[in-house]
Amino acid sequence: MFLSAASDIERASTIQPGLQTEKTMLKELEKHRKRLRKEIREVERGIAELEERLAEKGDYSLGEGDPSIYLWEMNLARRKRLQARLDELRAAVSHLDGGTYGVCSVCGGQIEPDRLELLLTTLVCSRCARSAR
Ligand SMILES: [Zn+2]
């Protein structure tokens, strides 16, 4: 009786923390997924807006210094940046789906939760990021 109770406590204390972390981890992942989805929607909206503006291409015959040309080129650069971000975000979601989100693509270790929190789409842990620099 005493023995079984002791081993129950032992089992509880060894299994429980593991389950807890796994649960917390899953919760974290769902949170990240939500943030990724939200940002994807925002970026897609941003791209659509820029596409509209870019469609009204400035009249280049107006000459080099025309501000509308400058604006058009700026929007083109912005769309390029947003597109790159969208690719990153989509890659992160596919990592989430494949169960490899948060795994460092260089060393295969776990990416620090704090780092993921800040850099939602990072593919490397901070140690590998430092050594790549
Ligand atoms: Zn690493």
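Any read-out appearing in this document is the output of simple, stated calculations on the displayed coordinates, not a laboratory observation. The shown structure was predicted, so the numbers you read here are calculated from the model rather than taken from an experiment. Neighbour counts are summed over all protein chains in view; Cβ atoms, including those assigned to glycine, are modelled from backbone coordinates with ideal geometry.
The ellipsoid that matches the Cα gyration tensor of segment 30-100 has semi-axes, each √(5λ) in whole angstrom, of 34, 10, 7, with the longest given first. Sorting the segments 98-110, 82-94 by their mean number of nearby beta carbons within 10 angstrom, highest to lowest, gives 82-94, 98-110.
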